[in-house]
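Below you'll find the structure, written out as structure tokens, and then a few comments.
The values are calculated or read from the model by the stated rules, or taken from the named source; none is laboratory data. This one's a predicted model, so the numbers in the text were calculated from it and none came from an experiment. Neighbour counts are summed over all protein chains in view; Cβ atoms, including those assigned to glycine, are modelled from backbone coordinates with ideal geometry.
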Amino acid sequence: MWLKVELRLEANYAKSMKLLFGLVLATAFAASLSAQSYNIAVIPKGTSHEFWKSIHAGAIKAQQELAAEGVKVNINWKGPLREDDRDQQIGVVENFTIRRAHGIVLAPLDSKALVAPVEKALASKIPVVIIDSGLQSDKPTSYVATDNFKGGQLAGEHLGQLLGGKGKAIMLRYQVGSASTEEREAGFLDVMKKKFPGIELISTDQYTGATRDSAQQVAQNVVNRFGKDVNGCFAPCEPVTIGLLLALKEKGLAAGKVKLVGFDTGAGSVDALKKGDVQALVVQNPVRMGYLGVMTVVNHLKGKPVEKKIDTGVAVVTTANMDTPAMRELLNPPLDKYLK
């Protein structure tokens, strides 16, 4: 009799302990889910220009919002110093692949050269979200960027209107392999040829390279050659905008004598817009780009569906609209709020 009671008590105790152990495991698992932690590599084309600092600010904004939701994200910000150092950027991608980052957000310097390292990361089950500039592969998890072709079209339409549909224009190119600027250049040429046949494009094949110094040198050569004839210019990115601006000033062709439409923002180009040396800037939203790049890769890691392509928007800023709230935020992103 007593033996049966003892056996029953032992069985009940064992059952209770099993249930308790199960509850402890379930609680621990739930706690681990609520305290998810991801190491995300964010790899820009370069680290010196203000555009990339805005991308960084957007990534930190996403990190802060996710932390408020109980999702811990460590942002590993690393990229080449110069925007023409393909080998260094490839090395950064490969390094984060070896280190098993949970996800990679990448602005590829070269649409072809970065395909192999990106696809290797993807093969290692590391999701890769491409931002800013396209990659010649359909395998990345998502593509978060400006519609750069549309941005080039907007630049062409504005310059065409400034010139009244007639005159001579120059377009300087950035560098071979940069998909974002190649698309802007193509969009500009598309509009000029279709909508403004009365504007002669007298130079469209000169590449400036990645720095302001190299851009200024090439711009000087072009302006020296065509300065007496040119009426308008298009620059597809910030370094080229500054290079062209300096070359025009040197020849006394700034302040609207030769119309200049640039692309992207920076302290120098925004100041030139205020002074009337630049007539318009086609601007992106790099803070939003960095933000959505991180949010997209984290959503994918959490098992949520993500869009294959996300457009972050583009706008034309002129002296007429630059003081509106929406344009002020694009021209002067709140970097100090996120980068400390």
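Points to keep in mind about this one:
- A single entry from Gly187, Gly152, Gly167 fulfils the requirement of being closer than 30 Å to Val115 by Cβ and touching a residue at least 60 places away in the same chain (Cβ under 8 Å): Gly152.
- Summed over the stretch 124-172, residues that are within 30 Å of Asn221 (Cα to Cα), surrounded by fewer than 20 Cβ atoms within 10 Å (Cβ to Cβ) and of a type in the set (Asp, Glu) total 1.
- Listed conditions (1) buried (at least 22 other Cβ atoms within 10 Å of the Cβ); (2) farther than 20 Å from Arg225 by Cα are all met by Ala247, apart from (2).
- Here the strands (runs of 3 or more DSSP E) wholly within the stretch 71-143 that include at least 3 residues being without any contact (Cβ under 8 Å) to a residue 60 or more places away in the chain and either touching a His at 6+ places or on another chain (Cβ under 6 Å) or not assigned by TED's automatic domain parsing to the domain that holds Val240 (or both) are 72-77.
- Filter result for Ser180 (within 27 Å of Ile131 (Cβ to Cβ), among the small types (Gly, Ala, Ser) and in contact with a Phe, Trp or Tyr (Cβ under 9 Å, 6 or more places away or on another chain)): yes
- Test for Ser48: is it within 19 Å of the chain's Cα centre (by Cα), polar (S, T, N, Q) and crowded, with 18+ Cβ neighbours inside 10 Å: no
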